[in-house]
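The values are calculated or read from the model by the stated rules, or taken from the named source; none is laboratory data. What you see is a predicted model, and the numbers here were worked out from it, not measured in a lab. Using ideal geometry, Cβ is built from the backbone for each residue, glycine included, and neighbour counts are taken over all protein chains shown. In case anyone asks, the SASA skips ligands and DNA or RNA and just uses the protein heavy atoms, side chains included. Shrake-Rupley method; radii C 1.70, N 1.55, O 1.52, S 1.80 Å.
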Amino acid sequence: MKVLKFGGSSVGSSDNMLIVKKIVESQSDQVVVVVSAVKGITDKLQELAMVAADNDRNFFRIYNDIEKKHLDIINDLFQEPAKSKVLGQINSLFKELSDIINGLFLVNDLTLKIKDRILSYGEQLSSYILSQLIDDCTLINIKNFIKTNSDFGNAKVNFKHTNKLLGYRFKTIKKTAIVPGFIASSDRNETTTLGRGGSDYTAAIIAAALNANSLEIWTDVDGFMTADPRKVKKAFAIESLSYAEAMELSHFGAEVIYTPTIQPVYKSNIEVSVHNTFNPAAKGTTIKKQPVSTGTSMIKGISSIDDIALITLQGPGMVGVKGISSRLFGALANSNINIILITQASSEYTITFAIIPKDTKKAIEALEKEFEPEIKLRNELNIQIEKDLSIIAIVGERMRNTPGISANLFTSLGKNGISVIATAQGSSELNISVVIRKESLKKALNVIHEGFFLSHYKELHLFLVGIGTVGSILLAQIKKQQEKLLESHSLKVNVIGISNSRKMLIDQDGINLDNYKKDLDKSGEKIDIDLFIQKMKYLNLRNSVFIDCTASEDIALHYKDIMESYISVVAANKIACSSEYAVYSDLKKTAKEKNVKFMYETNVGAGLPIINTLNDLIKSGDKIVRIEAVLSGTLNFILNELDEKMTLSKAVKLAIDKGFSEPDPRVDLSGLDVKRKLLILCREAGYEIDIDDIKLKPLLPEECFKGTLEEFWNIIKKYDKEFELNRKKLIATNTKWRYVAELENGKAKTELKEIDSGHPAYSLEGHNNIILITTARYHEQPMIIRGYGAGAEVTAAGVFADIIRVVNV
């Protein structure tokens, strides 16, 4: 014999009931089919009762909705003359319900006893309809055979009496029995219910009483999942669980099985399996005494309760005093308050417990009454309440005696800025529970799930501001490398948000990099950087990275706020690092405190590994003595292009045409960009200096930088001959011009210098950069870094490398 239980979604429509019919009629064994109410009907019945009790005539609307739902199912499933028979019984049930509701409307007194009667009609209606749909079956009024006490709303089963009655009744069943779940009766034959989710319990009670071969729970998911799939998209079905694991997961929020269900089948050692009514081919989850261990993870699943309150009783009046715990939990039990989690300090100074929020007031009143002398008279104890919290539990028998489980859990949360408010672990090591802020629940579940079940790869979630030349090339590079990064480096890169100067687009599921420009133009909203950052923070995705490929001072001002939300920052924008030292220092400090990354390698030398090299030298104990560098690819290009035919003004225009210079070349020619880069290098070398501490000698006289751009072009031509004469002198002396940035003994300057053929920068071609680093170790010959120091391709590549470092550093 098998017991099959079908949940509300499985019988939620006429189409679904036909699927159930197919599953039941395909069984070769004798089966007992336990049925829940049609999906949503129990909630509707509860609402109906409350509205009627409030003397609100809107109960008619709710009643009509319930009736219509069932009549629609019947009209879809049955043809005459069968339909008339079914409607006759259904109308009779609705007449009974109507009489109760009308009486309730008149007396305005909704007792738990009346409420149980009203709620029982959901299962009575669904089970009758299904019994008329399935061939060769018997409908059993189960409330006559499951006996309970009179605790209406959550009655306790009298198993001795119930088992005897069930054994006697089911002796005569030949093939298929249909049973309404959830419903029972007291010794006085008054209708009682087994608590929300009680249909599972009904099925387990019957399975145990009849010593069934197995119990199958048919629902709308593929089994117990590794996490709530509504919050963790990568959750997958667990193949097998022990009874204890299933109970723990159910207790902490997994809604697949009602928690008390396990107890009867556990005692009788009956195997339970969970299946998907709408995907019957799926393997599902089996629950038994000794489940098969599969996979490498030490935990089986992650469960959560979305909303809890934490209450703490604390004070010196608890230390060394016997009976405090007994009094506390006795007071709560007497008030019918269910405790979800308990944790106590070893000093005995505090006891903390978690409850559902609606019980908070009742719990406080119970504690204040029980501990009135200690609280009011002697001022030895006080009560603290924390709300808007959630509980997460990781569960698994293999956690026992396995080191590193707690470390993995707390490291995963800490790295993503999720604070643990309370924690509990039993001596059995079957689960570890943590209490966190409710706002962090989704992020925490994904972080933990990734840490335990998806540890074979990591994920990055990118938010890119600025998709101009560098930004668009960066996206192209990411698109090209996505598959390889996942296959070869176990890194999944998701672009979640993008923006240009006009629009922004955020998609939690990831932006399609094949069509991002069209999608941004079609679906994007008007750019608002504050809103962009707000949405990024609201998504609260693990391993989030904000990427700034703009030159905007306004965006740079947001870095600290972003990092304080535990989001790493990668900046091609050099404004933040070249602003006041206090700002630069504060950003570095914030990144360290929040354990996030602040990466800006491309601020100097585009994709050249300059800043990271300086950091590595200092971390390893070396000291930076001197830096000499050519840091402007634009200026180096202009100076290299000068010859008899290529005048200074023509060379500047050529730099603009090739994209090496800004449309207004005075930004580069002033030397200010080089000064900013040198400032960053000085700071990375350990010097606390500001921009005004660096001496600057521009490439051109001051008059070139006044007036309009049109006036500039007229003025610069006056210097073509002068530069040509000086260039010929350079040829005669076998020297070259280089615009050099220098740091020595804490003093920094930028200027145009003549260098001889023995200098490493002499042969520097095109728009290349070169950096010579003299240190305590590299004192005879400086360390030399040389290569492309400008250009969108190498800058984008440098930004990409910084992004990868976020997870690898």
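State whether the residues of region 108-120 include one that is over 30 Å from residue 169 (Cβ atoms) and of a type in the set (S, T, N, Q). Write out each step before concluding.
Within region 108-120, the first condition is being over 30 Å from residue 169 (Cβ atoms), and the residues that meet it are 108-110.
Pick out the ones that are also of a type in the set (S, T, N, Q) and you get 108.
Yes.
From the list 401, 382, which residue is at pLDDT below 95 and touching a strand residue (DSSP E or B) at 6+ places or on another chain (Cβ under 9 Å)?
Numbers: 401 fails: touching a strand residue (DSSP E or B) at 6+ places or on another chain (Cβ under 9 Å).
After applying the criteria, what remains is 382.
May I ask you to list the residues in region 195-215 that are farther than 17 Å from residue 170 by Cβ, modelled with pLDDT of 90 or more and either polar (S, T, N, Q) or surrounded by fewer than 24 Cβ atoms within 10 Å (Cβ to Cβ) (or both)?
Passing the criteria: only 199.
Given the criterion in contact with a strand residue (DSSP E or B) (Cβ under 8 Å, 6 or more places away or on another chain) and in a helix (DSSP H, G or I), identify the matching residue among 367, 389.
Values: 389 fails: in a helix (DSSP H, G or I).
The match here is 367.
Scan region 778-799 and report the pairs whose first residue is closer than 20 Å to residue 661 by Cβ and whose second residue is among the acidic types (Asp, Glu) and surrounded by 17 or more Cβ atoms within 10 Å (Cβ to Cβ), with Cβ atoms within less than 7 Å and a gap of 6+ or a chain change.
Listed by first residue and then by second, the contacts come to 798/601.
Counting only residues that are farther than 30 Å from residue 409 by Cβ and more than 28 Å from the chain's Cα centre (by Cα), how many does region 276-318 have? Walk me through how you get there before you give the answer.
Taking region 276-318 as the starting set, the residues that turn out to be farther than 30 Å from residue 409 by Cβ are 277-281, 315-317.
Still in the running and more than 28 Å from the chain's Cα centre (by Cα): 277, 280-281, 315-317.
Residues in region 276-318 being farther than 30 Å from residue 409 by Cβ and more than 28 Å from the chain's Cα centre (by Cα): 6 in total.
Write out, first by first residue and then by second, each pair whose Cβ atoms fall under 6 Å of each other, whose residues are 6+ apart or on separate chains, and whose first residue, in region 372-384, is under 21 Å from residue 353 (Cβ atoms) while the second is β-branched (Val, Ile, Thr) and not in a helix (DSSP H, G or I).
If the second residue must be β-branched (Val, Ile, Thr) and not in a helix (DSSP H, G or I), the pairs left are 384/312.
Of everything in region 411-437 that's in contact (Cβ under 8 Å) with a residue 24 or more places away in the chain and surrounded by fewer than 19 Cβ atoms within 10 Å (Cβ to Cβ), which residue is farthest from residue 539 (Cα to Cα)?
Within region 411-437, the subset in contact (Cβ under 8 Å) with a residue 24 or more places away in the chain is 411-418, 421-424, 428-437.
Now narrow it down to the ones that are surrounded by fewer than 19 Cβ atoms within 10 Å (Cβ to Cβ): 411, 414-415, 421, 423, 428-429, 437.
On the way: 411: 21, 414: 18, 415: 17, 421: 21, 423: 25, 428: 36, 429: 33, 437: 15 Å.
Across region 411-437, the extreme among qualifying residues is 428.
Please tell me if residue 406 is open to solvent by 40 Å² or more (accessible area, probe 1.4 Å) and part of a loop (DSSP other than H, G, I, E, B). Full working, then the answer.
Details: open to solvent by 40 Å² or more (accessible area, probe 1.4 Å): yes; part of a loop (DSSP other than H, G, I, E, B): no.
Considered against the rule, which asks whether it is open to solvent by 40 Å² or more (accessible area, probe 1.4 Å) and part of a loop (DSSP other than H, G, I, E, B), residue 406 comes out as no.
Which members of region 409-434 meet the condition of being among the aliphatic types (A, V, I, L, M) and closer than 16 Å to residue 249 by Cα?
Step one: filter region 409-434 for residues among the aliphatic types (A, V, I, L, M), giving 409, 413, 418, 420-422, 424, 430, 432, 434.
Scanning region 409-434 gives 424, 430, 432, 434.
Which members of region 503-546 meet the condition of being over 20 Å from the mean Cα position of the chain (by Cα) and under 25 Å from residue 418 (Cα atoms)? Lay out the reasoning, then the answer.
Our first condition is that a residue be over 20 Å from the mean Cα position of the chain (by Cα); within region 503-546, this holds for 503-504, 512-530.
Answer for region 503-546, where residues must be over 20 Å from the mean Cα position of the chain (by Cα) and under 25 Å from residue 418 (Cα atoms): 529, 530.
If you take just the helices (runs of 4 or more DSSP H) that sit entirely in region 697-809, which of them hold at least 2 residues that are of a type in the set (Gly, Ala, Ser) and open to solvent by less than 30 Å² (accessible area, probe 1.4 Å)?
Working: elements: 709-717, 720-732, 792-808.
Output list reads 792-808.
What do you reckon, is residue 451 at pLDDT 90 or above, crowded, with 20+ Cβ neighbours inside 10 Å and farther than 26 Å from residue 352 by Cα?
Values: at pLDDT 90 or above: no; crowded, with 20+ Cβ neighbours inside 10 Å: yes; farther than 26 Å from residue 352 by Cα: yes.
No.
Test of understanding: among 596, 604, which residue is of a type outside the set (Lys, Arg), open to solvent by less than 20 Å² (accessible area, probe 1.4 Å), within 30 Å of residue 419 (Cβ to Cβ) and in contact with a helix residue (DSSP H, G or I) (Cβ under 7 Å, 6 or more places away or on another chain)?
Values: 604 fails: within 30 Å of residue 419 (Cβ to Cβ).
Result of the check over 596, 604: 596.
When you scan region 268-342 for strands (runs of 3 or more DSSP E) that lie fully inside it, which ones turn up with 3 or more residues that are surrounded by 13 or more Cβ atoms within 10 Å (Cβ to Cβ) and touching a Pro at 6+ places or on another chain (Cβ under 9 Å)?
Working: elements: 271-276, 285-288, 301-314.
The qualifying strands (runs of 3 or more DSSP E) are 301-314.
Would you pick out the residues in region 4-21 that are surrounded by fewer than 20 Cβ atoms within 10 Å (Cβ to Cβ) and in a helix (DSSP H, G or I)?
In the first step, residues of region 4-21 are kept if they are surrounded by fewer than 20 Cβ atoms within 10 Å (Cβ to Cβ); the result is 9, 13-15, 18-19, 21.
Passing the criteria: 14, 15, 18, 19, 21.
Has region 361-380 got any residue that is buried (at least 18 other Cβ atoms within 10 Å of the Cβ), out of contact with any helix residue (DSSP H, G or I) (no Cβ under 6 Å at 6 or more places or on another chain), over 28 Å from residue 259 (Cβ atoms) and not basic (Lys, Arg)?
Scanning region 361-380, I find at least one residue that is buried (at least 18 other Cβ atoms within 10 Å of the Cβ), out of contact with any helix residue (DSSP H, G or I) (no Cβ under 6 Å at 6 or more places or on another chain), over 28 Å from residue 259 (Cβ atoms) and not basic (Lys, Arg), so the answer is yes.
Going by the conditions given, is residue 72 loosely packed, with under 15 Cβ neighbours inside 10 Å, farther than 23 Å from residue 15 by Cβ and within 43 Å of the chain's Cα centre (by Cα)?
Values: loosely packed, with under 15 Cβ neighbours inside 10 Å: yes; farther than 23 Å from residue 15 by Cβ: no; within 43 Å of the chain's Cα centre (by Cα): yes.
Here the answer is no, as residue 72 does not meet what is asked.
Scan region 553-574 residue by residue and report those that are more than 29 Å from the chain's Cα centre (by Cα) and either free of Cβ contacts under 8 Å to residues at least 40 places away in the same chain or closer than 15 Å to residue 463 by Cα (or both). Show your work before the answer.
First, pick out the residues of region 553-574 that are more than 29 Å from the chain's Cα centre (by Cα): 553, 574.
Across region 553-574, the qualifying residue is only 553.
What are the pairs, 6+ residues apart or on separate chains, where a residue within region 237-260 that is acidic (Asp, Glu) has its Cβ under 8 Å from a residue that is open to solvent by 30 Å² or more (accessible area, probe 1.4 Å) and at pLDDT 90 or above?
Listed pairs, sorted by first residue: 239/283; 239/286.
Residue 48 passes all but one of (1) more than 24 Å from residue 279 (Cβ to Cβ); (2) open to solvent by 10 Å² or more (accessible area, probe 1.4 Å); which number fails?
Among (1) more than 24 Å from residue 279 (Cβ to Cβ); (2) open to solvent by 10 Å² or more (accessible area, probe 1.4 Å), the lone unmet condition for residue 48 is (2).
Scan region 428-478 for residues that are among the hydrophobic types (A, V, I, L, M, F, W, C) and out of contact with any strand residue (DSSP E or B) (no Cβ under 8 Å at 6 or more places or on another chain) and report the count.
Here is the first cut: in region 428-478, the residues among the hydrophobic types (A, V, I, L, M, F, W, C) are 430, 432, 434-436, 441, 444-445, 447-448, 452-454, 460, 462-465, 467, 470, 473-476, 478.
Going one step further and asking which of them are out of contact with any strand residue (DSSP E or B) (no Cβ under 8 Å at 6 or more places or on another chain), we end up with 447, 453-454, 470, 473, 476.
Residues meeting the conditions: 6.
Being touching a strand residue (DSSP E or B) at 6+ places or on another chain (Cβ under 7 Å) and among the aromatic types (Phe, Trp, Tyr) is the filter; apply it to region 516-550 and report the residue that is farthest from residue 505 (Cα to Cα).
Looking at the filtered set, the residue picked out is 546.
Looking only at residues that are part of a helix (DSSP H, G or I) and hydrophobic (A, V, I, L, M, F, W, C) in region 458-499, which one is nearest to residue 790 (Cα to Cα)?
Looking at residues that are part of a helix (DSSP H, G or I) and hydrophobic (A, V, I, L, M, F, W, C), I get 470.
List, please: which pairs have Cβ atoms under 9 Å, are six or more places apart or on different chains, and start with a residue in region 751-776 that is over 20 Å from residue 609 (Cα atoms) and end with one that is among the aromatic types (Phe, Trp, Tyr) and assigned to a strand (DSSP E or B)?
These pairs meet every condition: 751/739; 752/737; 752/739; 753/737; 753/739; 754/737; 755/737.
Suppose we filter region 22-39 for residues that are in contact with a Gly (Cβ under 7 Å, 6 or more places away or on another chain) and either part of a loop (DSSP other than H, G, I, E, B) or open to solvent by 20 Å² or more (accessible area, probe 1.4 Å) (or both); how many remain?
Of the residues in region 22-39, the ones in contact with a Gly (Cβ under 7 Å, 6 or more places away or on another chain) are 34-39.
Narrowing the set further to residues that are either part of a loop (DSSP other than H, G, I, E, B) or open to solvent by 20 Å² or more (accessible area, probe 1.4 Å) (or both) leaves 36-39.
Result for region 22-39: 4.
Which numbered condition trips up residue 195, out of (1) within 26 Å of residue 16 (Cα to Cα); (2) in contact with a helix residue (DSSP H, G or I) (Cβ under 9 Å, 6 or more places away or on another chain); (3) outside any loop (DSSP other than H, G, I, E, B)?
Among (1) within 26 Å of residue 16 (Cα to Cα); (2) in contact with a helix residue (DSSP H, G or I) (Cβ under 9 Å, 6 or more places away or on another chain); (3) outside any loop (DSSP other than H, G, I, E, B), the lone unmet condition for residue 195 is (3).
Does residue 365 satisfy being under 18 Å from residue 326 (Cβ atoms) and out of contact with any Leu (no Cβ under 8 Å at 6 or more places or on another chain)?
Details: under 18 Å from residue 326 (Cβ atoms): no; out of contact with any Leu (no Cβ under 8 Å at 6 or more places or on another chain): yes.
When the stated conditions are applied, residue 365 does not pass them.
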